[in-house]
Each structure stands twice: as C-alpha cells, then as structure tokens.
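To keep things clear, I will list the structure first and then write my remarks on it.
The values are calculated or read from the model by the stated rules, or taken from the named source; none is laboratory data. Values in this document were obtained by computation on a predicted structure and should not be read as measured data. Because the Cβ atoms are built from the backbone with ideal geometry, glycine has one as well, and the counts that use them run over all protein chains shown.
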Number of protein chains: 2
Amino acid sequence: MQLMEAYAACMACPVRSNSFCDAVPMSDLDSLGKARRLIRFNRRQTIVCEGAPATALFSIVSGVVKLYRSLADGRTQITGFRFPGEFFAAPHSGRYTTTVEALTSVEACCFPRSRLNRLSQRFPEIQTNLIEMNHQHLAAAENQIFLLGRKTAREKVASFLLWYREKLDQEKISEDRRMSLPMTRTEVADFLGLTTETVSRVLTGLAREKMLAIDKSHSITLLDVASLRRASGL
Amino acid sequence: MQLMEAYAACMACPVRSNSFCDAVPMSDLDSLGKARRLIRFNRRQTIVCEGAPATALFSIVSGVVKLYRSLADGRTQITGFRFPGEFFAAPHSGRYTTTVEALTSVEACCFPRSRLNRLSQRFPEIQTNLIEMNHQHLAAAENQIFLLGRKTAREKVASFLLWYREKLDQEKISEDRRMSLPMTRTEVADFLGLTTETVSRVLTGLAREKMLAIDKSHSITLLDVASLRRASGL
DNA sequence: CGTGGTTTTGAGCCCGTTCAAGTATCGTGG
DNA sequence: CCACGATACTTGAACGGGCTCAAAACCACG
C-alpha cells in the first residue's frame, strides 16, 4: 500500500533528524510521507529556475546542489550550496530567487507549498524549524558577503577550503584527511567571485607552501590547517 | 494604566501593518504591547554586538540601521540595512551574527525571545510572517552577493542608488526626486565592497554624465533613471 | 573664524583579470 | 582496453580597474 510505503520512506530517512521534518512526531510519519514526493536528479540537472513561480520547497536527502544567478552577458555568481538535511527554493513574492542545479546526483523530497502549509498548521514546530534554518542560511550569506567584499583571492580560497572541510566533518563521517570537492574550479570561482585561473593559481600556490596537497584536481588534502586558518584572514 | 498605554502604543503604531505584528488581531493588541518595549537610539549608537548572546529581536518603528561585521585589522563589510517595519538581530546558535548600529535616530520595539515565543504560540501567523520576511532578507542578501562578486564599481554604485530610491518609494511618500542618504560615503563603500575614494569618483563621474546631481554630498537627485539602470548592469 | 571630520581629486602601483597556449582528465565508442 | 575528442585544469605574459597614499576642498559645529 502507498500509505505504508510513505511511512516506511520517512521512517528510514537518513536525514530526518537534521531536517525540518524532525518537527513531525514518529506517530505521524505517514502524513509527512504523503505530503512529499522523492525525486532523483542527475549531476548538472537544473531543479528550479530563477524567476519561475515558486510551487514547491525541496529538502535534500542526499547529494549537493548549487544556488546561483546569472546575467545575460554570462557573468555568474553562486549564492550558496545546500547539503543533506537542508532545504532550498525559498520564494520571494511568489517566485524562486535563484536557479538551483545538482552538483552530484541528488535525492530530494519535493513538498508542494499547499501541502506543506497544511502540514505546518498541524505541526507548528515545522515553522519554528524553518525559521531556525533560515537564520542559518542568512548567517552563511553574511559570511559570503564579507568574504566577497573584503577578502583577497588567497583568503577567499583558504576560507572556502576550511568551510568545506567543516561541512564534511559535521555532515558525514570525515572519510579521512583527503576530501573530494563536488564542484569544478569554475564553480569554486563563481562562488568566490574570482576567475578559474586565479583559483587554480592560488591552489597551486598553497600547495607549493605545503598547506595542502592536490591529487587529481578534485581530491585535496589539507596538510596544515593552522596555516590555512591564518591564510584565511580568520 | 500600563495596559492601556501598551494597547494605545501598538494601536497607533505607524508600521504595524508592514511588520510581523500584523499577525496579532486588533482585539489582542494589549498582549502584543506587553511583550515589547519601545527603545530609542541615537545616530551612531550600537544596538547589538556580533557574537553576543541573542536575547531579543528588534522591530524598527522609525529610522534606519546598518548590519555589519568587521575584522581586527579594520576591514569592515556592511551586510545589510533595515528599514521601518523590518526586524533585525536574528540569532545563529544563540548569538547575534552581526553588529547593528543606528544610521539615524531610531525607534525600535525590543521583543525578548521568551516573550516572543509565547506570543507566537498564541498567534502562529507571527511565525509565518517571520518566515516570509526572512525570505525577503535572504533575497536581498543574494542580490548583494551577486553585486559584490560580479559587478564593477560603476555598476555597484548605480545599483545602490536605484535600490535606495526604490526603498524610499515603497517606504514613505517619495518626498520629491531629490533623496537624502542616511549613510556616509564610507558606509556606502563598506556596503559595496569598495573604498570611499572609488565611491566618490564614480559618483562625480555619473554626475558629469548627467545621470544624477549632487548637492551637499548626502542629497542626491537621480536625473536619468533609464541610463542609470543601464549603468547598473540590470 | 578656527577645528575636526567628511568628501573630493590626483598620481602611481598592485592584485586579479584577460587572452592565449599547453596539459591533464574523463567519458565514449570502436 | 585503448584511442579519441571534449572538457577541465594549469601556466604564462601583459593589461587595467580599483586600491593606496597624499593633499586639497568642503562642511558642520562650537
């Protein structure tokens, strides 16, 4: 039966306790399951488009997405990334404010606005969780604003690496000291307000100074976190 | 009586319909009034400090504030401004994420967290409003991220002027075509990720091109909005 | 009418960009 | 499994937008 499936899906959800779904008690997981639909996306696939009517909210089960805006002349700026447990596709006056694209293969729960509204009337703590997570996103945006406005290329790249390392540490088991970036050099550049060339140059520079090691481009090991922290401008 | 005063205060509040307080029905304005305390701040006065325990949320009745972060070496970045009807001092893991300072004389309602929580249990629509406004703040942050990461000095300044003009138009009666900036050149620079000198140079440049007129530095008239929009990179 | 702060203007420099070439990496089909 | 083409990454040389440093002009306030 569908009911059982929905219940089982949310019951077994690996990120429930990290997501806003945490507000729904175990006994009501079937209501939760019925409000959402699990969708899979491939790397490079666009999930929502900037400016389109905001019909749903997405909560990530696995994978990473980027949020970005771009101009007609090609200039692109990534405004943030979202990881498992986090949501995306916040509306402003009824429309999505950024385009969202999958960086890896992604599983996400799609909650149509209307159903989510009904659900959060039954479980008001959903709203509390959403507010809490919104504040986290805002704090992350403030970090990025400071970084973009006031940091040098070197500081930007060092900050980025330390930030991603921390994300990995709190998301999953920290694999080992090596970490593999799901984003390309261009995407790192579009996040940090730099060009691909500069990101590449700074990375090889930091590698020459033995703060990190690069193997196969996307696989990076942070060798000297203390020096990196100093290089990041705190 | 205190009760009457509180009731009268919120009853007469000029920004109630634009603030999250809108969620409280007229018949319950006394509960609202008792949850908050009206505080006045002078220009230049610090209202909350980055990193301090987040004990209250503030809603602006009149005036403008700036939110900013700064480093020990003096680098400062303004992450946003807040206007009448908007709130500030969002917490992240229990602490304020930015310092907030009054740009003009400011009247703000201070809501201690505990009272606000009790109030929003009685009136859940408060949470809905807070979420809505949070999304607006996030959208504003995304705008600024794009601006900081990908726009030229000229585009930044033009965008800023148009943005502020729009704010004025929707906040109050649009005075006339002249507008007076509540922020100094340094504050504009700290908002746009530039130096004071560059802001000044770009402004005189735009004035030479007859897109605007400057009288007394803080009083600016936008003469050619269409050209400015083109100069802002859309 | 001075005094301190803000704004403007000027000259020179530097960080990050641009343009261009060369190298590694990955996916695909033979 | 390898050859191939496409894409991503690195490296180099030269340019330029915005910064730095310095000084002059302007303004508000006593």
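Numbers below:
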read-out: Residue check, residue B:127 at pLDDT 95 or above, crowded, with 19+ Cβ neighbours inside 10 Å and among the polar types (S, T, N, Q); value: yes
read-out: Tally of residues being under 23 Å from the mean Cα position of the chain (by Cα) and β-branched (Val, Ile, Thr) across segment A:181-224; value: 8
read-out: Residue that is over 23 Å from residue B:23 (Cβ atoms) and at the interface with chain A (Cβ under 10 Å from one of its Cβ atoms), where the choices are B:144, B:121, B:136; value: B:144
read-out: Residue within segment A:189-206 that is within 11 Å of DNA strand D (Cβ to nearest atom), outside any helix (DSSP H, G or I), within 14 Å of chain B (Cβ to nearest Cβ) and surrounded by 13 or more Cβ atoms within 10 Å (Cβ to Cβ) present; value: yes
read-out: Condition met for residue B:161 (in contact with a Leu (Cβ under 8 Å, 6 or more places away or on another chain), within 21 Å of residue B:78 (Cβ to Cβ) and not small (Gly, Ala, Ser)); value: yes
read-out: Conditions (1) away from DNA strand D (no atom under 16 Å from the Cβ); (2) outside the structural domain of residue A:218 (by TED's automatic domain parsing); (3) free of Cβ contacts under 8 Å to residues at least 40 places away in the same chain: number failed by residue A:110; value: (3)
read-out: Residue list for segment A:27-46, restricted to those being over 24 Å from residue A:172 (Cα atoms), part of a strand (DSSP E or B) and of a type in the set (A, V, I, L, M, F, W, C); value: none
read-out: When residues of segment A:90-111 are limited to those that are surrounded by fewer than 23 Cβ atoms within 10 Å (Cβ to Cβ) and more than 14 Å from every other protein chain (Cβ to nearest Cβ), the one nearest to residue A:46 (Cα to Cα); value: A:101
read-out: Residues that are over 13 Å from the mean Cα position of the chain (by Cα), farther than 22 Å from residue A:150 by Cα and not in a loop (DSSP other than H, G, I, E, B), drawn from segment B:93-106; value: B:95
read-out: Segment A:165-224, residues that are in contact with a strand residue (DSSP E or B) (Cβ under 9 Å, 6 or more places away or on another chain), within 13 Å of DNA strand C (Cβ to nearest atom), among the acidic types (Asp, Glu) and within 22 Å of residue A:147 (Cα to Cα); value: A:190
read-out: Tally, over segment B:66-89, of residues that are at the interface with chain A (Cβ under 10 Å from one of its Cβ atoms), modelled with pLDDT of 95 or more and not in a strand (DSSP E or B); value: 2
read-out: Meets criteria (crowded, with 22+ Cβ neighbours inside 10 Å and more than 14 Å from chain B (Cβ to nearest Cβ)) for residue A:59; value: yes
read-out: Residue A:123 being touching a residue at least 12 places away in the same chain (Cβ under 8 Å) and within 17 Å of residue A:38 (Cα to Cα); value: no
read-out: For residue B:135: the one exception among (1) more than 16 Å from DNA strand C (Cβ to nearest atom); (2) under 19 Å from the mean Cα position of the chain (by Cα); (3) outside the structural domain of residue B:67 (by TED's automatic domain parsing); (4) not acidic (Asp, Glu); value: (3)
